[in-house]
1. Starting from the Cα of VAL63, step 7 Å along the direction of its Cβ; do the same at TYR22; then give the gap between the two resulting points in nm.
2. Under the 0.36 nm per residue contour assumption, what length would be gained going from the current alpha-carbon distance of LYS10 and TYR44 to full extension?
3. Kirkwood-based Rg over Rh for region 1-73 (C-alpha set), two decimals?
4. Treat each spin label as a single point 7 Å out from the Cα along the C-beta direction, and report the LYS29 to GLU75 distance in nm.
Amino acid sequence: MSKSTLVAIKIDVTKIDENRYYIGKNGAKYLDATVFINEEEGQYGDHGMITQSVSKEEREAGVKIILGNVKKLGEFGNNSAPAPAPSGSASMDDIPFAPVDFI
């Protein structure tokens, strides 16, 4: 088993540029995004950010659409403790981030 990192993301959906959605082969609506994860915790307790993907030209011009942040919850796999098992029954209140419905 390889080592894995469990992360939670928080997205400010008001910052999403809906013009960048695309329709997949199955008819579903998609959004491309990029996640940056830092080893060290930032001043606000986060470990990185999530950005909406932009074209190469936009990236070179300095365009960055920051949608939210990323927080490491734990690691599991090789030479590390397993992720804790959920206790009791889970509900939407147990999720460490707000679910987002794009469609």
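Values quoted throughout were computed directly from the atomic coordinates according to the rules given, and no laboratory measurement underlies them. Model, not experiment: these values are computed from the prediction. Note that each Cβ is placed from the backbone with ideal geometry, even for glycine, and that neighbours are counted across all protein chains shown.
1. With each label point 7 Å from Cα toward Cβ, the separation is 1.4 nm.
2. Fully extending the segment from LYS10 to TYR44 adds 10.9 nm.
3. Using Cα coordinates only, the ratio equals 1.03.
4. Here the modelled spin labels are 3.8 nm apart.
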